[in-house]
Each structure stands twice: as structure tokens, then as C-alpha cells.
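Note sheet for the following structure.
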Amino acid sequence: MPIPTYGTNAVDWEERINFERLRDGRLARLKAELERSSMGAILAFDFSNIRYMSATHIGTWAMDKAIRFALLTRNSDPIVWDFGSAAKHHDLYNPWLHTTTAEMDADPHAPHHGAKKMRLESGARAGISTLRGAFPPDAGIAEEVARKVKRELERFGLLGEPLGVDLIELPILFAMQKAGIEIVDGQQVFLNARAVKIDEEIKLLTQACSMVDAAYTDLYQFLKPGVRENETVGLVAKKLYDLGSEYVEGVNAISGERCSPHPHVFSDRLIRPGDPAFFDILHSHQGYRTCYYRTFAVGSASPAQVDAYTRAREYMDRAIALVRPGATTADICAVWPKAEEFGFPDEEAAFALQYGHGVGLSIWEKPIFSRLISFEHPEELKEGMVFALETYWPSADGIGAARIEEEVVVTADGCEVITKFPAEELLVAGPRYHAVGADLPTLRDSQSHLNTSWGRGDA
């Protein structure tokens, strides 16, 4: 049975996304990974890790501020420090932050509700970090963060244990070290926990892809000569926000000679007849992201564009055919071409062109597929992993290129592709051209003389 997709609203007549199961499942995976580590606690400043741990969010506007932080210890449930107003909101609307499954974290005088008990202190607290250095260094903000974290480590008997941190600003690192806290790299705890998705996460990822399916349908109908790359970005962003997207992270809109080399950012370039154009649409639905390339020809496609697309498609199909539990990232990368075969001196220079990466609350998660690292450090594919596979090939005319990206879910006996907009062949968008004899074919060169025998010198 295919992975289901739903509307974005909750209803009483159908079970859609069970958010309690989502919260509990994510936290259980993170706790299990913490238990397997040598750390006593983990501290998160990364927004995605905070959300995974605590199911709290204050908007993507704050992602570059590094102001929030959250702590999970072996003996407690998550504690979140946030803007005072945000902390108050969490206190009112996030009841799961008031309960715990850990005995040391519980109020001994409160009634029990099954496995969960009321906490002695709320898991939502007022507290802020350094605003990426915007606060004056002598204001003592970094020292206050260290004090807050140290108090909890002492309270739960873990001050002498290593504290894993996902990312950290230097003033806070120095303040914590001065306070006697041993800091170690905690990124792998988070990433290992997040690598295999629970069912609710897979549903949300699939729903996020379905919204991009719709955006590509509108984009395909909109593309024509005279449209600017930035106009396509506006169209896609509006469609996604209208459908309920939480955040449109980016729309890479690349056309014509900008396709090779690939700049990874849109411009105001005017799309011309016969141009190749490819797009990568990245957005967030309930925190879960997409990374989803499609390539088009506008008006017509040259033989060189078709050949490039055919190569990119072949590499994609060969990779998907190998996806199943027990396969490795090395198995997938082995069917992709070497960097030197498509114009790059080495795998570092070609990184992210023949590529794969986990997708979840972040765009790039475990596992990573790349000839740069996967042969020496293969990762086993497991049921429940969700990742994007990307293939690329430059066209022989030295101008265009093709990019295809599919998101797949590893199932018990293989995988399911959850990016559904057609990509098995190169699509031609835009107007059909009517000539005196018959309609001009969609397979033609954009330079008119190359489509006649006299122009080619064949006459």
C-alpha cells in the first residue's frame, strides 16, 4: 500500500498525523541514542535538534540567531530555554513539557498518569543565548547560559559526565568549560537518532513532497520564453504557502547557460526559447523538508539536452534499483560516474552533483551518498530511512545540464519514491510553435539554421 497523504487540517473522521505519537517516538529514539553514548546529557542549539527533542518551534525567522537551547539528560525529559514570551507560550500550549517519564524529574507529590508523571519544574524556561555575539561580551549572557545548564546537571547528578553539544558559540563554550563542564561532540547522538524515521515522520515527509508536486504542476504550466527565473521563484513560493507550507527555504531556479556550471541560486535571467531549466524546491511542512529537483526544456529541447537527461535518468534508475534494507551507500555510489567523467578534477570538486542525503527536519541528514566518502565509510540502509538521490549530467553543447532528484523511503522489500511529478523523460514546457508545413518538433536546436539541411551543410 502506498504511503498515504492527507490534507493539512486535522479532522475527526479520519486519523491523520498523530502528533503525540510523533513527539513520543522522536524523544524515545533520542533517549535510546543518549543511553548508548558515553554522555550524561546532550545540549542543543540547532533549531532542528531542539524541535526533534522538545517539539517546540518559534518560527524560521529565528534560525540564524542561535538564541534558544534545550537540554536532555539521562535522568530527565527535555528542558527548553527560550524568549520569555515564547517560554510562556510553551508553558500554556505544550503540556508535554509538564510531564516526564524520569523518576528524578518527577514531582513526588503529584498524581501519576500512567507512565507519565508531573514534573517538579516545568520544562519551559525563560533564558537566552548571546544572539550570535550581538549582546556585549561583558553582559554575562554566556556565563548565565553555563549557570543554567550546570544547575540541571548538578540536580540530576550528571555534572561529572561529558555533555554532548551539537553546535556552540565560543563564548558559551569557554563559559561552560570555566564552570567545570566537560564539552564533547554531541552531533552524532542527534543524527543517529534522526536517521531512521518513525511512521508519523514518513507521513509528514510524503505530505511535504505532495505540496511540491502541486508547485511543479503550476510551474510547468507557467514556464515560457520571457519569464524570469525570479518570477518562477515567486510562483512556487506562493503556491507552497497557499498550501500550508511552514517555510519555503529556497527555490533554485537555473536556466540556459547558467545550468553548467551550476550556481545554486536564482537570478533575474530571462528564459529564452530552447533553454534548459532546472529547479530545486526546498520547503518545510510541520518541520519536515523537501529537496526535489526537476529539469525542463522550454519551448523545445536540443539533442544534447535529451542526451544529458537520458544519462542523468539512467544513473537515477540504477541507484533506485539497489535501494533496500542491508544495501549500503557504497553500493549506490558505485553505479554513479566518477568526477572525471563529467568534467571535474576530483570528487571534492564534484561534490553534491552525484549525491544522496537523508531528509527530515533538516535538508542534509544521515545517510550521505557520495563517492568522496561512501566507499571508505559505507552506511547501511535501514527500513524507515528517507533520503534524496540526485543525479547530474552536463550536455555536450557545453551550455546546458540535467538534474534529477527523487526522494525515497526504504521499505521492507525495497523502496517507495515519494516525489511524484513526472521525471522519467525530459519534459518540454511552454508554447508549441506552428510552422507553415506542420508544428515544429519539440526535439530541435534553438539555433534555427541547425534544423535545416542547408544550415547544417548537409545539402
Practice prompt. Would you please name the residue that is surrounded by the fewest Cβ atoms within 10 Å (Cβ to Cβ), looking only at residues in the range 1-49 that are of a type in the set (F, W, Y) and in a loop (DSSP other than H, G, I, E, B)?
Written response: W13
Response to the item:
From the option list A175, A179, A193, A208, single residue qualifying as buried (at least 21 other Cβ atoms within 10 Å of the Cβ) and more than 30 Å from N9 (Cα to Cα) is A175
Worksheet item: Residues of the range 114-162 being under 19 Å from I79 (Cβ atoms) and acidic (D, E), which ones?
Response: E121, E143, E144, E152, E154, E161
Fill in: Which listed residue, of W96, W81, W61, is among the aromatic types (F, W, Y) and either more than 30 Å from E249 (Cβ to Cβ) or without any contact (Cβ under 8 Å) to a residue 40 or more places away in the chain (or both)
W61
Worksheet, complete the sentence: Within the range 211-246, the residues that are of a type in the set (G, A, S), surrounded by fewer than 17 Cβ atoms within 10 Å (Cβ to Cβ) and in contact (Cβ under 8 Å) with a residue 40 or more places away in the chain are G226, G244
Worksheet item: If we keep just the residues of the range 163-188 that are touching an Asp or Glu at 6+ places or on another chain (Cβ under 9 Å) and small (G, A, S), which is nearest to L72 (Cα to Cα)?
Response: G164
Item to complete: Scan the range 129-160 for residues that are under 32 Å from the mean Cα position of the chain (by Cα), in a loop (DSSP other than H, G, I, E, B) and either surrounded by fewer than 20 Cβ atoms within 10 Å (Cβ to Cβ) or not β-branched (V, I, T) (or both) and jot them down.
Response: S129, L131, R132, G133, A134, F135
Discussion item. Quick check on my filter: what residues within the range 40-94 are aliphatic (A, V, I, L, M) and out of contact with any strand residue (DSSP E or B) (no Cβ under 6 Å at 6 or more places or on another chain)?
Written reply: A55, I58, A62, M63, A66, I67, A86, L92
Practice prompt. Give the residue that is surrounded by the fewest Cβ atoms within 10 Å (Cβ to Cβ), with candidates limited to residues of the range 414-424 that are more than 13 Å from M385 (Cα to Cα) and more than 19 Å from the chain's Cα centre (by Cα).
Written response: E424
Worksheet item: Would a scan of the range 215-226 turn up a residue that is in the same structural domain as A352 (by TED's automatic domain parsing), of a type in the set (K, R) and closer than 30 Å to R21 by Cα?
Response: no
Item to complete: Looking only at the range 369-400, count how many residues are within 24 Å of T217 (Cα to Cα) and at pLDDT below 95.
Response: 1
Discussion item. From the list G287, G250, exactly one residue is in the same structural domain as F344 (by TED's automatic domain parsing), at pLDDT below 95 and within 27 Å of D64 (Cβ to Cβ). Which is it?
Written reply: G250
Item to complete: Report yes if A388 is assigned to a loop (DSSP other than H, G, I, E, B), of a type in the set (A, V, I, L, M) and within 21 Å of T206 (Cα to Cα), otherwise no.
Response: no
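The values are calculated or read from the model by the stated rules, or taken from the named source; none is laboratory data. Since this is a predicted model, take the numbers as computed values, not measurements. Cβ: placed from backbone, ideal geometry, glycine included. Neighbour counts: every protein chain shown.
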